[in-house]
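**Q** I am attaching a structure below and will ask some questions about it afterwards.
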Amino acid sequence: MTYLPADMYQHQLPEAYFEASEEELARRIQQAKAELGQRVVVLGHHYQRDEIIRWADFTGDSYKLSKLANSRPEAEFIVFCGVHFMAETADILSDPPRAVILPDLSAGCSMADMAEIQQVEDAWTLLTARYGPEIVPITYINSAASLKAFVGQHGGLVCTSSNAASALAWALERGKRVLFFPDQHLGRNTGVKLGIPLTKMANYNQYRGELLGDDAALADPTLILWQGHCSVHQKFTPAQVERVRAEMPGVKVIVHPECSHDVVRLADIAGSTELISKTIAEAPAGSQWAVGTEINLVSRLARQYTDKTVVSLSGANVCPCSTMYRISPQHLCWVLENLVAGQVVNQVRVDNETRHWAKVALDRMLSVPANV
Ligand code: 13P
Ligand code: SF4
């Protein structure tokens, strides 16, 4: 069958998809997947809701899903149930190239949107003029492909929450300082993990084009932290850690490193969504866990491991990722049925020049070990 080229904007779904019952959508998704067989692989990030995760051939964190982009070389299509930067990464890494489809193109990441290429170029001009050329850039994988290309071109690499410590060590072997964007919290938490004192960390405000920090940090910073954050993880607080420890004696607190350093230093464990999932899966029956990450994952772990107690660190004040939630059974059904009909919709494609340098940075990311 000849496939029509994808158009790169989000279509309005036909009303019939919203009128279909849950059961009907599930039946149609199953049928479309069966018809496509090995030609399609469905990847699901841990924050996806259960109605989506049940259709994923593979699930994982950003690092694992990057590797899984090549899990089925025979597949012509990768349907990525996650957010935009993850689909872009799969497009760059898929070899041989395949059509990567994001069921809803408006599923972005508000943290990734906190760093734009012009802001990064302005920061680079300012920082290299002030500190000289010995700066290595690292971008968290939660960023646009253009930023990944920038770090590839400037001797840096991409990191994920799974391998941030190895990536930072890699960069500091090659330069005196690191510019880390867009997540200040992952940058700070990773710096502390490697023994870099907070007094050697400066901040960069991308909106004002301004370096911030005390005199000692500004004089000779090892780490320069972009002022981006995840609004989901920034809601976790030290007071919540103290409360849960008082209410549940013996509880273990496990959080994602996108939480602030004040929260991470009080937690027992900090790590990626894969590490959180694995740790709870392997924990002894009867153990208690307060988890500081997105609520869909926490609720799934609580349902899966009924022999353990798993609660959200934020209690009733739940923290969903609204963009991850945009991937709905309606959208999944629609993209799969279009593939069956010979139409690729919602393809995410990175242009060739950006792809080249972004791949350099992503290959470096895959060359340093994950911490899980
Ligand atoms: P992980 O790579 O740990 O899954 O994190 C991705 C993410 O967006 C967390 O907010
Ligand atoms: Fe982005 Fe935060 Fe959502 Fe992760 S949880 S995808 S960092 S907005």
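**Q** Wholly within segment 163-222, which helices (runs of 4 or more DSSP H) include no fewer than the required count, namely at least 1 residues that are touching a residue at least 12 places away in the same chain (Cβ under 8 Å), under 22 Å from V263 (Cβ atoms) and under 20 Å from the mean Cα position of the chain (by Cα)?
**A** Answer list for segment 163-222: 164-172, 184-193.
**Q** Taking S162 as the residue in question, decide whether it is in contact with a Phe, Trp or Tyr (Cβ under 6 Å, 6 or more places away or on another chain) and closer than 18 Å to K67 by Cβ.
**A** Values: in contact with a Phe, Trp or Tyr (Cβ under 6 Å, 6 or more places away or on another chain): yes; closer than 18 Å to K67 by Cβ: yes.
In short, yes.
**Q** While we're on this one: Have a look at A370, A358 and point out the one that is away from ligand 1 (no atom under 16 Å from the Cβ) and either among the small types (G, A, S) or in a helix (DSSP H, G or I) (or both).
**A** A358
**Q** So in segment 282-298, with the set limited to residues that are in contact (Cβ under 8 Å) with a residue 12 or more places away in the chain, under 22 Å from I53 (Cα atoms) and out of contact with any helix residue (DSSP H, G or I) (no Cβ under 8 Å at 6 or more places or on another chain), which one is least open to solvent (accessible area, probe 1.4 Å)?
**A** V298
**Q** Has segment 242-261 got any residue that is in a strand (DSSP E or B), open to solvent by 10 Å² or more (accessible area, probe 1.4 Å) and not charged (D, E, K, R)? Break it down into steps so the answer makes sense when it comes.
**A** We begin by selecting, within segment 242-261, every residue in a strand (DSSP E or B); these are 252-255.
Still in the running and open to solvent by 10 Å² or more (accessible area, probe 1.4 Å): 252.
Narrowing further to those that are not charged (D, E, K, R): none.
Scanning segment 242-261, I find no residue that is in a strand (DSSP E or B), open to solvent by 10 Å² or more (accessible area, probe 1.4 Å) and not charged (D, E, K, R), so the answer is no.
**Q** For residues that are assigned to a helix (DSSP H, G or I) and not hydrophobic (A, V, I, L, M, F, W, C), scanning just segment 148-162, find the one that is surrounded by the most Cβ atoms within 10 Å (Cβ to Cβ).
**A** In the first step, residues of segment 148-162 are kept if they are assigned to a helix (DSSP H, G or I); the result is 148-153.
Those left that are additionally not hydrophobic (A, V, I, L, M, F, W, C): 148, 152-153.
Details: K148: 30, G152: 24, Q153: 14.
So, considering only residues that are assigned to a helix (DSSP H, G or I) and not hydrophobic (A, V, I, L, M, F, W, C), the one surrounded by the most Cβ atoms within 10 Å (Cβ to Cβ) is K148.
**Q** Let me ask something else. Of the numbered conditions (1) assigned to a helix (DSSP H, G or I); (2) open to solvent by less than 20 Å² (accessible area, probe 1.4 Å), V345 satisfies every one except a single condition; which is it?
**A** (1)
**Q** Related question: Looking at A171, A239, A145, A165, which one is of a type outside the set (S, T, Y), farther than 16 Å from Y131 by Cβ and crowded, with 22+ Cβ neighbours inside 10 Å?
**A** Every option except A145 fails the conditions.
**Q** With (1) assigned to a loop (DSSP other than H, G, I, E, B); (2) open to solvent by less than 20 Å² (accessible area, probe 1.4 Å) as the list, and L266 as the residue in question, which single condition is left unmet?
**A** Exception for L266: condition (2).
**Q** Please tell me if E88 is within 16 Å of ligand 1 (Cβ to nearest atom), under 18 Å from A149 (Cβ atoms), open to solvent by 10 Å² or more (accessible area, probe 1.4 Å) and in contact (Cβ under 8 Å) with a residue 12 or more places away in the chain. Break it down into steps so the answer makes sense when it comes.
**A** Working: within 16 Å of ligand 1 (Cβ to nearest atom): yes; under 18 Å from A149 (Cβ atoms): yes; open to solvent by 10 Å² or more (accessible area, probe 1.4 Å): yes; in contact (Cβ under 8 Å) with a residue 12 or more places away in the chain: yes.
In short, yes.
**Q** Would you be able to say whether some residue in segment 352-361 is crowded, with 23+ Cβ neighbours inside 10 Å and modelled with pLDDT of 95 or more?
**A** The first filter runs over segment 352-361 and keeps only residues crowded, with 23+ Cβ neighbours inside 10 Å, leaving 358, 361.
When the remaining residues are screened for being modelled with pLDDT of 95 or more, the result is 358, 361.
The answer is yes, given that some residue of segment 352-361 is crowded, with 23+ Cβ neighbours inside 10 Å and modelled with pLDDT of 95 or more.
**Q** Looking at segment 51-74, which of the residues that are assigned to a loop (DSSP other than H, G, I, E, B), closer than 26 Å to R28 by Cα and modelled with pLDDT under 95 is most open to solvent (accessible area, probe 1.4 Å)?
**A** From segment 51-74, those assigned to a loop (DSSP other than H, G, I, E, B) are 54-57, 61, 69-74; that's our starting set.
Checking the rest, the ones that are also closer than 26 Å to R28 by Cα come to 54-57, 69, 71-74.
Applying the additional criterion that residues be modelled with pLDDT under 95 yields 69, 71-74.
Details: A69: 1, S71: 42, R72: 46, P73: 74, E74: 101 Å².
Among them, the one singled out is E74.
**Q** Also: Take the residues in segment 284-337 that are among the small types (G, A, S), part of a strand (DSSP E or B) and under 20 Å from the mean Cα position of the chain (by Cα); name whichever of them is nearest to ligand 1 (Cβ to nearest atom).
**A** G292
**Q** Filter segment 106-134 down to residues that are away from ligand 1 (no atom under 16 Å from the Cβ) and open to solvent by less than 10 Å² (accessible area, probe 1.4 Å) and give me whichever is nearest to the chain's Cα centre (by Cα).
**A** Checked segment 106-134; the qualifying residue nearest to the chain's Cα centre (by Cα) is V120.
**Q** Sticking with this structure for a sec: Only residues that are closer than 18 Å to P221 by Cα and either more than 16 Å from ligand 2 (Cβ to nearest atom) or modelled with pLDDT under 95 (or both): list them for segment 139-166, please. It would help to see each step written out before you state the result.
**A** First, pick out the residues of segment 139-166 that are closer than 18 Å to P221 by Cα: 139, 156, 165.
Of everything in segment 139-166, those that are closer than 18 Å to P221 by Cα and either more than 16 Å from ligand 2 (Cβ to nearest atom) or modelled with pLDDT under 95 (or both) turn out to be G156, A165.
**Q** Restrict the check to segment 18-41 and report whether at least one residue is within 16 Å of ligand 2 (Cβ to nearest atom), in a loop (DSSP other than H, G, I, E, B) and at pLDDT 95 or above. Spell out how you get there, then give the answer.
**A** Going residue by residue through segment 18-41, those that are within 16 Å of ligand 2 (Cβ to nearest atom) are none.
Taking every residue of segment 18-41 in turn, none turns out to be within 16 Å of ligand 2 (Cβ to nearest atom), in a loop (DSSP other than H, G, I, E, B) and at pLDDT 95 or above.
**Q** Based on what the data block shows, is S260 within 12 Å of ligand 1 (Cβ to nearest atom), of a type in the set (S, T, Y) and touching a residue at least 40 places away in the same chain (Cβ under 8 Å)? Quick ask: steps written out before the conclusion?
**A** Values: within 12 Å of ligand 1 (Cβ to nearest atom): no; of a type in the set (S, T, Y): yes; touching a residue at least 40 places away in the same chain (Cβ under 8 Å): yes.
No.
The values are calculated or read from the model by the stated rules, or taken from the named source; none is laboratory data. Just so we're clear, the structure is a prediction, and the values are computed from it rather than from any experiment. We place every Cβ from the backbone using ideal geometry, glycine too, and count neighbours over all the protein chains shown. Ligands, DNA and RNA are excluded from the accessible area calculation, which covers all protein heavy atoms including side chains. Shrake-Rupley method; radii C 1.70, N 1.55, O 1.52, S 1.80 Å.
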